[in-house]
Amino acid sequence: MVRPPLTPAERDRGRRLGAVLRAARGTRSPGEVAAASGVSLEALRKIESGRVPTPAFFTVAALARAVDLPLDELAGALEHPSTALSA
C-alpha cells in the first residue's frame, strides 16, 4: 500500500505538534521524557523536530502523559496555534 504524500497543512500541524511537546517538556531532558513515556529517544527527537509529522495516536498520548499535557489541551493547541499552553 502506497501512502499518499502529506499536504502542507499536515506537515505544518506536525511541526506544531513537535513545538507544543517540546514546550511542554520544559526543563526536562528529551531522555527523561522518552524514558517516562516509553517512546524511544530517536522517535521523540523526530517528532519534536517535525520529521515525523503524523506519529501514532498512542505515541502522542504517551508523550502527552509524560509531560503532563492533557490531550484536549494538546488538540486545542494544534487546532488554534495562537492558544497558549499552561505548561
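Looking at Arg15, Arg22, which one is among the charged types (D, E, K, R) and touching an Asp or Glu at 6+ places or on another chain (Cβ under 6 Å)? Break it down stepwise before answering.
Values: Arg15 fails: touching an Asp or Glu at 6+ places or on another chain (Cβ under 6 Å).
Being among the charged types (D, E, K, R) and touching an Asp or Glu at 6+ places or on another chain (Cβ under 6 Å) holds for just one of Arg15, Arg22, which is Arg22.
Hey, can you tell me all the residues within the range 1-18 that are over 15 Å from Glu79 (Cβ atoms) and either of a type in the set (Phe, Trp, Tyr) or touching a Gly at 6+ places or on another chain (Cβ under 7 Å) (or both)? Talk me through it step by step, then tell me what you get.
So in the range 1-18, the residues over 15 Å from Glu79 (Cβ atoms) come out as 1-8, 11, 18.
Within the range 1-18, just Gly18 meets the criteria.
Can you tell me which condition Gly76 does not meet? The list is (1) of a type outside the set (Asp, Glu); (2) assigned to a helix (DSSP H, G or I); (3) touching a Leu at 6+ places or on another chain (Cβ under 7 Å); (4) at pLDDT below 95, and all the others hold.
Just one mismatch for Gly76, condition (3).
For the range 1-14, name all the residues that are surrounded by 15 or more Cβ atoms within 10 Å (Cβ to Cβ) and either out of contact with any Ser or Thr (no Cβ under 7 Å at 6 or more places or on another chain) or charged (D, E, K, R) (or both).
Scanning the range 1-14 gives Asp12, Arg13.
Take Ala24 and tell me if it is farther than 14 Å from Asp68 by Cα, surrounded by 16 or more Cβ atoms within 10 Å (Cβ to Cβ) and under 15 Å from the mean Cα position of the chain (by Cα). Can you show your working first?
Numbers: farther than 14 Å from Asp68 by Cα: no; surrounded by 16 or more Cβ atoms within 10 Å (Cβ to Cβ): yes; under 15 Å from the mean Cα position of the chain (by Cα): yes.
No.
Does any residue of the range 50-59 turn out to be surrounded by fewer than 17 Cβ atoms within 10 Å (Cβ to Cβ) and in contact with a Ser or Thr (Cβ under 9 Å, 6 or more places away or on another chain)?
no
One line per residue, one yes/no per condition, for (1) assigned to a helix (DSSP H, G or I); (2) without any contact (Cβ under 8 Å) to a residue 40 or more places away in the chain; (3) over 13 Å from the mean Cα position of the chain (by Cα):
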| residue | (1), (2), (3) |
| --- | --- |
| Arg15 | yes, yes, no |
| Val20 | yes, no, no |
| Lys46 | yes, yes, no |
| Pro53 | no, no, no |
| Thr59 | yes, yes, no |
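The values are calculated or read from the model by the stated rules, or taken from the named source; none is laboratory data. Given the structure is predicted, the values throughout are model-derived calculations rather than measurements. Neighbour counts are summed over all protein chains in view; Cβ atoms, including those assigned to glycine, are modelled from backbone coordinates with ideal geometry.
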